[in-house]
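S.K.: Structure in structure tokens, see below.
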Amino acid sequence: MTTDTDTSRMVANQFVERLGKQDQDGIQELFAPEIDWHVPGSDKLPWTGSRTRREEVAPYFTTMWPHYVPGQSKVVLERTIVEGGDVMLLATFSHLIAASGQRFTTPAALHLVIEDGRIVQMHLYEDTLIVDQAFHADGTS
């Protein structure tokens, strides 16, 4: 099961577009039924960790997004690298946390693996220390 570079680029572009629209259901439909999803982070942040099923994708976003002030998040996609079924999205994330008023900015990389036109893997790499410190600025990390 392989995917050509053009298909991978198309799926990655759809992922980024739907992410920008906060279309969690649209994002979820891009994934295969069985997935390898990993978002590192603190156990105190309920959206971090691993997921293995497509049905777990939309709840990831609906759990995470309410923690950010609407309209105050910024994602700058700096580069997309595609080779066959592998896609690397290099970006900078900036979010304002609703509960604390703390803003954090972190470089990020998302590694997507596309097979037969569906995302089978999504691994996020970001500065988890910056994220954890912003959410626990009161010293409770």
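S.K.: Here is a check on your reading of the model: is Val76 closer than 28 Å to Asp6 by Cα and in contact (Cβ under 8 Å) with a residue 60 or more places away in the chain?
M.R.: So Val76 does not fit the description; no.
S.K.: Checking Val131 against (1) assigned to a strand (DSSP E or B); (2) touching a Leu at 6+ places or on another chain (Cβ under 8 Å), only one condition comes out false. Which one?
M.R.: Just one mismatch for Val131, condition (1).
S.K.: Looking only at segment 27-50, count every residue that is of a type in the set (D, E, K, R) and over 22 Å from Thr3 (Cα atoms) and tell me the total.
M.R.: Final tally of qualifying residues: 2.
S.K.: Of the residues that sit in segment 31-56 and are in contact with a Lys or Arg (Cβ under 7 Å, 6 or more places away or on another chain) and surrounded by 18 or more Cβ atoms within 10 Å (Cβ to Cβ), which one is farthest from Ala98 (Cα to Cα)?
M.R.: So the residue we want is Ala32.
S.K.: Would you please list the contacts, defined by Cβ atoms under 8 Å and residues six or more apart or on different chains, that run from a residue in segment 27-43 that is more than 15 Å from His111 (Cα to Cα) to a residue that is charged (D, E, K, R) and part of a loop (DSSP other than H, G, I, E, B)?
M.R.: Ala32/Asp116
S.K.: If you don't mind, another one. Are there any pairs, at least 6 apart or on different chains, whose C-beta atoms fall under 7 Å, with the first in segment 10-24 and without any contact (Cβ under 8 Å) to a residue 24 or more places away in the chain and the second crowded, with 18+ Cβ neighbours inside 10 Å, and if so, which?
M.R.: Gln14/Leu30; Arg18/Ile27
S.K.: Assuming Ser50 fulfils every condition listed in (1) of a type in the set (Gly, Ala, Ser); (2) within 17 Å of Ala12 (Cα to Cα); (3) under 15 Å from the mean Cα position of the chain (by Cα) apart from one, which condition is it?
M.R.: (2)
S.K.: When segment 1-20 is examined, which residues are found to be loosely packed, with under 14 Cβ neighbours inside 10 Å and farther than 20 Å from Glu78 by Cβ?
M.R.: Answer for segment 1-20, where residues must be loosely packed, with under 14 Cβ neighbours inside 10 Å and farther than 20 Å from Glu78 by Cβ: Met1, Thr2, Asp4, Asp6.
S.K.: Counting only residues that are buried (at least 18 other Cβ atoms within 10 Å of the Cβ) and free of Cβ contacts under 8 Å to residues at least 24 places away in the same chain, how many does segment 109-141 have?
M.R.: Of the residues in that region, 1 qualify.
S.K.: Of the residues that sit in segment 58-102 and are hydroxyl-bearing (Ser, Thr, Tyr) and part of a loop (DSSP other than H, G, I, E, B), which one is surrounded by the fewest Cβ atoms within 10 Å (Cβ to Cβ)?
M.R.: Ser100
S.K.: Select from segment 77-117 the residues that are under 24 Å from Ala137 (Cα atoms) and more than 16 Å from the chain's Cα centre (by Cα) and list them in ascending order.
M.R.: Leu96, Ile97, Ala98, Ala99, Ser100, Gly101, Gln102, Arg103
S.K.: Another question, if that's okay. Within segment 29-39, is even one residue touching a Phe, Trp or Tyr at 6+ places or on another chain (Cβ under 7 Å) and within 24 Å of Asp116 (Cα to Cα)?
M.R.: yes
FYI, it's all coordinate maths here, none of it is from the lab. Treat the numbers as computed from the prediction; the structure is a model and nothing was measured. Positions of Cβ are backbone-derived with ideal geometry, glycine not excepted, and every protein chain shown enters the neighbour counts.
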